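Working notes for the structure below.
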């Protein structure tokens, strides 16, 4: 596939792995792709250094590509008193305890675990995650939605909370970008959605990926094999595997190498968004093009 490296069938979006030409999501993806070919321009939340080969392949089809990401870094240009900073699209109430708890942890010691706002897992999977985290030997913040907590009350028992007492925090939601930026966080256990991918790049943190829908498997493959900032958990992950992956990422030399690589990508992302950077220039070009029409 032009522009894509080291890809397996499993790494393609789930909707493309079908033998039925009537698959709804496959047809939606096909239609969106055709629209991109016909479009006057394509605006992307990424930056040139991050996906250069992919972007070159896209530009061969439609040369008018504007890379203006990571969009999160644009917020730095918004004045502190601007009310737009208070806007949010989150469906969940954020828990303010995270930062007070993080301030008490050693730098780079915390595993931050968040699978997004729509992820679902079976009780068996939830149990494996719960006890894998409980026995990994590292402090962790685990974001578990209220509805998921209720559905897994048989797992999150009083005995479980006693097991993780003083070394873990379970919250229903949090300010992910700010949590990732905290010096206490050393590792992000993620579903590898695109927003989370860019947020962890901005924070310079390595990852353990557990993808399950949409393009997450593609993002995971790139995070682990191309950008070299993480490892991928198996689909039917066990508590033992969770412990091994966390220890590999936080205690081994290979884990340190991936952390250093994450810091390198952070520098490139910041440079792209700064005055004179590739994303800054593309944003200026985009605005100029809009005003021309």
Between residue 165 and residue 34, with labels modelled 7 Å along Cα→Cβ, what's the label distance in nm to one decimal, could you check? 6.2
Which of rounded, prolate, oblate describes region 204-262, given a ≥ b ≥ c as roots of the alpha-carbon gyration tensor eigenvalues and a/c under 1.5 marking rounded, otherwise prolate only if a/b is larger than b/c? oblate
Computed, not fitted: 222 nm per-residue ellipticity of the chain from DSSP H runs ≥ 4 (each -39500 (n - 2.57)), nearest 500, equal to -12500 deg cm²/dmol
Measure nothing fancy, just the Cα-based angle from helix 24-38's long axis to the longest principal axis of the chain, in degrees from 0 to 90, nearest 10. 40
Say each of residue 150 and residue 1 gets a label point 7 Å from the Cα, pointing the same way as Cα to Cβ; how far apart are those two points in nm? 3.8
Which distance in nm do the two modelled labels at residue 287 and residue 20 give, with both placed 7 Å along the Cα-to-Cβ direction? 4.8
Under 8 Å for C-alpha pairs, at least 6 residues apart: give me the relative contact order for region 97-270, rounded to a whole percent. 26
Can you sort 199, 264 so the residue with the fewest Cβ neighbours within 10 Å comes first? 264, 199
Using a 10 angstrom cutoff on alpha carbons, build the Gaussian network for the chain and name the most mobile of 23, 128, 215. 23
At 0.36 nm per residue, minus the direct Cα-Cα distance, what do residue 103 and residue 177 gain on full extension? Give it in nm, one decimal, please. 25.1 nm
Which whole-number percentage describes the relative contact order of the chain, with Cα contacts under 8 Å and a sequence gap of 6 or more? 22
Nearest-ten-degree value, helix 278-292 long axis tilted from longest Cα axis of the chain: 50
For 145, 30, 292, 8, what ranking results if the residue with the fewest other Cβ atoms within 10 Å of its Cβ goes first? 292, 8, 30, 145
Stretch residue 235-residue 268 to full length: gain in nm at 0.36 nm per residue minus the Cα-Cα span? 8.8 nm
Counting other beta carbons within 10 Å of each residue's own, what order do 24, 246 fall into, fewest first? 24, 246
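Throughout, read-outs are computed from the coordinates displayed, never taken from laboratory work. Predicted, not measured: the structure shown is a model, and the values here were computed from it. Glycine also receives a Cβ, built like all others from the backbone with ideal geometry; neighbour counts cover every protein chain displayed.
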